[in-house]
Amino acid sequence: MTNGTGSTEDLPGRSRRRFPGISSRAYEHPADRSALVALRKLSGFDTVFKALSGLLPERSMRLLFLSDSVRVDDEQFAHLYAMLRDACYILDLEKVPPMYVTQDPRPNAMCIGLDEPIIVVTTGLVELLDEEEMRAAIGHEVGHALSGHAVYRTVLLFLTGLAVKVAWIPLGNVAIMAIVTALREWFRKSELSADRAGLLVGQDLQASMRGLMKIAGGNHLHEMNVDAFLKQADEYEAGGDLRDSVLKILNVLPRSHPFTTVRAAELRRWASGRDYQRIVDGHYPRREDDKDTSVYESFRQSAGHYSETVRTSKDPLMGLLRDLTDGAGDLGGKLRDRFAGRTAGGGAEGPDGGAGGPQTAG
């Protein structure tokens, strides 16, 4: 076991690289950073956040997990504790956060806490995932801890519950829901960052893919196929007309997580790119340089990401934005055609983007 740059750690079955001093900037999705900046600029957010920091019952929450869940350590769920320590070692997180297993049949995990992060995994997740899949899931939560996401996740959980309690008060729910909506938008993006952290810990893309498939479809791997699962993401993005684009937005707004196929496609795209390989080769931003990071550079990267998303997306709404950016003249006609699912030539647009009805493979 070595501790230098690009070092490796011997674990059962194979070696994994370690990333000494790695900054969370190395794996954070550009949309995660930009959404967090936008969240902090939201009118009233700082005031609410400072007020909540003193009101949130963090001590009570820690006591609740201590009294009504199983703490992961050398004596309880020792195999999970080994994975947790491995994940912290690989991402060079100096202090191993407390971790609990709580009884809940729904597969889930979260990293919460204001002063210090706490990781909680459900029995549903423990029973669903195999060792390598679970390693990626724990790495995902350690990534949240390293990025400092736990604080905002805790606020989101509290405000979501508060919004329900004050829903009967006229206008009482409006301000809270504005912040909850912004928090959810950020958190969905932060999940993409944490998925990348999970891959850096597990260093097994297929295990990460399997874990996401199981979260979507249960423990039926013999009935599922990674390539077919990823095709669903392509079909979801490209399918339909502008009406479907609007429905996609409405469907995702109440969710704290992105859709599972979208997460899988995003992770595969990152894993096959240059940024991931550079990290694996030992070339990544260091925490010691975080203080010198330019806010402008973060904005530039985020703007570049969104520009690339618009340029390459197959979504009808993104296509319309490209047309407008390129100076398309007939805005009314474009909107009408897109909502009707028609191409510029006037024909109905088929599933493959061409004119005509459904196509069958030859």
- Using θ = phi - 60° and the Karplus curve 6.51 cos²θ - 1.76 cosθ + 1.60, what whole-Hz ³J(HN,Hα) does each residue of region 111-126 get, with Gly and Pro shown as x? 10, 10, x, 9, 6, 9, x, 10, 9, 10, 10, 8, 4, x, 6, 4
- So what are the ³J(HN,Hα) numbers for region 205-212, from phi and the Karplus equation (6.51, -1.76, 1.60; θ = phi - 60°), rounded to whole Hz, Gly and Pro as x? 4, 5, 5, 4, 5, 4, x, 5
- Message: At a 10 Å Cβ-Cβ cut-off, how would you order K189, K291, K231, fewest neighbours first?
- Response: K291, K231, K189
- Message: Set the bar at 28 Å for Cα to Cα. Now go through K95/K189; K95/K214; K189/K291 and name every pair that lies beyond it.
- Response: K95/K214
- Long-range amide H partners of R286, meaning residues 5 or more apart or on another chain whose placed amide H is closer than 5 Å, are S23
- For A78 and D130, extending 7 Å from Cα along the Cα-Cβ vector and measuring point to point gives, in nm, a value of 2.3
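Every read-out reported here was derived from the displayed coordinates using simple, explicitly stated rules and does not represent laboratory data. What you see is a predicted model; the values in this text were computed from it and never measured. Neighbour counts run over all protein chains shown; Cβ positions are idealised from the backbone, glycine included.
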